[in-house]
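Everything below concerns the one structure shown next.
The values are calculated or read from the model by the stated rules, or taken from the named source; none is laboratory data. Keep in mind that this is a model prediction, so the values were computed, not measured. Ideal geometry is used to build each Cβ from the backbone, glycine not excepted, and the neighbour counts take in all protein chains shown.
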Protein chains: 2
Amino acid sequence: MSKDFTFHLAATDGAARLGEISCPRGRIRTPAFMPVGTAGTVKAMLPQTVREAGADIVLGNTYHLMLRPGAEQVAALGGLHAFMNWEGPVLTDSGGFQVMSLAKLRKITEAGVTFQSHIDGSTHELTPERSIEIQCLLGADIQMVFDECTPFPCEKGEARASMELSMRWAERSKTAFAKKGKGGQGLFGIVQGGIYPDLREASVEALKQIGFEGYAVGGLAVGEGQERMLETLKVTLPRLPEDKPRYLMGVGTPQDLIHCVARGIDMFDCVMPTRSGRHGQAFTWAGRINLRNAGFADDPRPLDAASSCPAARDYSRAYLHHLVKSREYLAPMLLSWANVHFYQELMAAMRAAIGEGRFEAFARETLARLGANGGSSIQG
Amino acid sequence: MSKDFTFHLAATDGAARLGEISCPRGRIRTPAFMPVGTAGTVKAMLPQTVREAGADIVLGNTYHLMLRPGAEQVAALGGLHAFMNWEGPVLTDSGGFQVMSLAKLRKITEAGVTFQSHIDGSTHELTPERSIEIQCLLGADIQMVFDECTPFPCEKGEARASMELSMRWAERSKTAFAKKGKGGQGLFGIVQGGIYPDLREASVEALKQIGFEGYAVGGLAVGEGQERMLETLKVTLPRLPEDKPRYLMGVGTPQDLIHCVARGIDMFDCVMPTRSGRHGQAFTWAGRINLRNAGFADDPRPLDAASSCPAARDYSRAYLHHLVKSREYLAPMLLSWANVHFYQELMAAMRAAIGEGRFEAFARETLARLGANGGSSIQG
């Protein structure tokens, strides 16, 4: 652990990178997958279980926490780490994405966004300054600039205006963070620009000009498809500083993670392992399983007899099927656990493969085991 | 552990009893509280957590499991213990109570009960013979005779006819268990007779005549109130064999447990700790807490800073309030855990007090700490 916020790039294998972020609350082994703890809890999991599954860091959502219980409330209770009983690092998003996807009656101006809460209809404002203030009240170790997320599809003129607004907001976020952020915390910029290579390039240059502790790729995984996503990474990643972590927001399937690590992404977050778990789906090394299927009613096999995860190893598929059909709490509990554990196992296996210079073979074999998901080859 | 089903009465203190049931799957320290695992899961808890909370035995429901996934299905998957990943002893009820409280279009004859499933409306039959067959397919260590549960209030003539039918069914259950039961499993009789002392006496005599490994008191906690319940125990318990365990079905609050242990009950089951946990209520040594109350939004204290239970110790009431308000899975997970752990702590404290000959003082002090719950004194 470090008193400062640092990133050490330990090895590369092709474009894939093995590294470690260090900050006062702990280390984050990269490539990293960050389970999503939207409202101060990784849904249906104890924080200790998340940790034991192998996660170094979890994500919290500024939008949800500012509405309930409120950022000042969390701060008065000792910050988000104490509030949710998670000692390791936490990353918070800026609220920009959720305002676009969840809130009502949004109004965007140069100053920021006003919107109505999806919970009780109350009116709120987010600006770059307020977003950073909230993230500092929460005590996030990694904070994100406030940005506008453009939908897909989006006309180029609109995408350009939105990206340029986000870049001005990024600069204001940096200024706010310089005042409110603590030593050891890091602020990440977010590359925008939709699927337009020249806009992505311009966004990268603007962010590098401002200077951040890490660089996220935003505005993807919003319906553009895996192929366009990978093309966008291809034009974006080579332009980012090598010595800073690269975070692809909101991605993805296990196959997505492999493809994106192959291109140089260091960090991911996604609700997929927990959301799928709540919907009766399990991720395994042999692909995705839908435990609602009647065929599992008689299946005495666990999800993965070789797993070190009790949820994957100690319960039959027949039992999991029964729990899902009976809408028992234990179904999301076990399946979220097994899925988060699987995602962490996958990240650990990728880190090992990069360290040993065999990532390309690992990726090819693993993609074959997992089955198809989108059409890209791993070399894009 | 014993190859046979045995009960050892280690000490008495007034009418309160300290003992141990031993059977091939483990020992059950009495007085014991059995968490309810209705559909093959103690709701919102991992089996390992139930065990670590201090439970020696859990309860499964014949009615629920026969409907879904089916007794033959559970048997094909290795029995209920393997199915739900619980290695310790399991007690199953006979299905009688749930047929009365949940099923539709019941028809009772001398042979048994036909009814429609509350899940899909399909028609099923339960007889003493089928109930025991199901309990044997599940592999229950303690099985219950099939009985009719009379509602409260109930005219004496009806209560008598129902009790007498239950006694004939008890005899048929014993005969069926003699054929299908395994060594080391125990069959318990159930005393019926409503709130009528002479009917309870007659029921006890009928059951003793048949002979069982334990005796349950049924048909209570159905609306008669704590005072009538305790009066019924007063006329029933002294007539039961001293060398067999006594089980009060479906009871109750922490205060109920103390009052009933004081009268000589050895075993309890109740959905209260888990159901209350799902509804935002927590049991503590200072009484019951409703975490929905807005007053807890700012409360940094845990449920019980001195508890050995992480759920009670490591999360603030403010966080629990937030989880309950946000309908997060973690709310029932933590509150069910804390409540089951509290119930087990209470049983352990009662066992220690009986062993040390200070149960009356313990009961008086603890009832004062917990606050009022019904009007009975502990000496009834």
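Regarding A:GLY37, is this residue touching a Ser or Thr at 6+ places or on another chain (Cβ under 8 Å), assigned by TED's automatic domain parsing to the domain that holds A:ALA71 and not charged (D, E, K, R)?
Taking the combined requirement at face value, the residue does not satisfy it.
Please go through region A:287-312 and give me each residue that is over 19 Å from B:ALA76 (Cβ atoms), more than 10 Å from every other protein chain (Cβ to nearest Cβ) and either at pLDDT below 95 or outside any loop (DSSP other than H, G, I, E, B) (or both), ordered by number.
Passing the criteria: A:GLY287, A:ARG288, A:ILE289, A:ASN290, A:ALA312.
Filter region A:152-196 for residues that are surrounded by 18 or more Cβ atoms within 10 Å (Cβ to Cβ) and among the β-branched types (Val, Ile, Thr); which is farthest from A:LYS244 (Cα to Cα)?
Here the residue is A:ILE195.
Quick check on my filter: what residues within region A:344-365 are more than 18 Å from the chain's Cα centre (by Cα) and either within 14 Å of chain B (Cβ to nearest Cβ) or surrounded by fewer than 19 Cβ atoms within 10 Å (Cβ to Cβ) (or both)?
Matches in region A:344-365: A:ALA349, A:ALA352, A:GLY355, A:GLU356, A:GLY357, A:ARG358, A:GLU360, A:ALA361, A:ARG364, A:GLU365.
Of the residues that make up region B:197-219, is at least one buried (at least 16 other Cβ atoms within 10 Å of the Cβ) and at pLDDT below 95?
Taking every residue of region B:197-219 in turn, at least one turns out to be buried (at least 16 other Cβ atoms within 10 Å of the Cβ) and at pLDDT below 95.
Within region A:293-310, can one find any residue that is within 21 Å of B:GLU328 (Cβ to Cβ) and touching a helix residue (DSSP H, G or I) at 6+ places or on another chain (Cβ under 8 Å)?
no
Hey, any hits in region B:223-237 for a residue that's surrounded by fewer than 23 Cβ atoms within 10 Å (Cβ to Cβ), at pLDDT 95 or above, in contact with a helix residue (DSSP H, G or I) (Cβ under 7 Å, 6 or more places away or on another chain) and of a type in the set (Lys, Arg)?
Checking region B:223-237: not a single residue is surrounded by fewer than 23 Cβ atoms within 10 Å (Cβ to Cβ), at pLDDT 95 or above, in contact with a helix residue (DSSP H, G or I) (Cβ under 7 Å, 6 or more places away or on another chain) and of a type in the set (Lys, Arg).
Go over the candidates A:LEU346, A:LEU334 one by one and state the one that is farther than 22 Å from A:MET229 by Cβ and at pLDDT 95 or above.
Within the list A:LEU346, A:LEU334, the selection yields A:LEU334.
Within region A:74-112, track down each residue that is of a type in the set (D, E, K, R) and farther than 14 Å from A:ALA39 by Cα.
Once the filter is applied, which keeps residues that are of a type in the set (D, E, K, R) and farther than 14 Å from A:ALA39 by Cα, region A:74-112 yields A:GLU87, A:LYS104, A:ARG106, A:LYS107, A:GLU110.
Here are B:GLY223, B:GLY218, B:GLY252, B:GLY214: which of them is more than 25 Å from B:PHE177 (Cβ to Cβ), small (Gly, Ala, Ser) and in contact with a strand residue (DSSP E or B) (Cβ under 9 Å, 6 or more places away or on another chain)?
B:GLY252
From (1) more than 14 Å from chain A (Cβ to nearest Cβ); (2) within 24 Å of B:VAL251 (Cβ to Cβ); (3) of a type in the set (A, V, I, L, M, F, W, C); (4) not in a strand (DSSP E or B), pick out the condition that doesn't hold for B:CYS136.
If we test B:CYS136 against (1) more than 14 Å from chain A (Cβ to nearest Cβ); (2) within 24 Å of B:VAL251 (Cβ to Cβ); (3) of a type in the set (A, V, I, L, M, F, W, C); (4) not in a strand (DSSP E or B), just (2) comes out false.
Is one or more of the residues making up region B:68-75 outside the structural domain of B:MET347 (by TED's automatic domain parsing), under 19 Å from the mean Cα position of the chain (by Cα) and surrounded by fewer than 24 Cβ atoms within 10 Å (Cβ to Cβ)?
no
Just to be sure I understand the filter: pairs with C-beta atoms under 9 Å, separated by 6 or more residues or on different chains, first member in region A:138-166 and within 14 Å of A:PHE97 (Cα to Cα) and of a type in the set (Asp, Glu), second member at pLDDT 95 or above and part of a loop (DSSP other than H, G, I, E, B). Which pairs pass?
A:ASP147/A:SER94; A:ASP147/A:GLN192; A:ASP147/A:GLY218; A:GLU148/A:GLN192
Give me the pairs, please: first residue somewhere in region A:100-111 and under 18 Å from A:ARG68 (Cβ atoms), second residue anywhere and among the β-branched types (Val, Ile, Thr) and part of a strand (DSSP E or B), beta-carbon distance under 7 Å, and either six or more positions apart or on two chains.
From region A:100-111, no pairs qualify.
Okay, residues lined up against (1) buried (at least 20 other Cβ atoms within 10 Å of the Cβ); (2) within 14 Å of chain A (Cβ to nearest Cβ); (3) in a helix (DSSP H, G or I); (4) under 20 Å from the mean Cα position of the chain (by Cα):
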position	(1), (2), (3), (4)
B:TYR247	yes, no, no, yes
B:GLY252	yes, no, no, yes
B:HIS259	yes, no, yes, yes
B:ARG275	no, yes, yes, yes
B:ALA282	yes, no, no, yes
B:VAL324	yes, yes, yes, no
B:ARG327	no, yes, no, no
B:MET333	yes, yes, yes, no
B:PHE342	yes, no, yes, yes
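Does B:ILE195 satisfy the condition of being within 23 Å of the chain's Cα centre (by Cα) and assigned to a helix (DSSP H, G or I)?
no
Mind listing just one residue for me: the one in region A:224-239 that is in contact (Cβ under 8 Å) with a residue 40 or more places away in the chain and either among the β-branched types (Val, Ile, Thr) or assigned to a loop (DSSP other than H, G, I, E, B) (or both) and, of those, nearest to A:CYS23 (Cα to Cα)?
A:THR236
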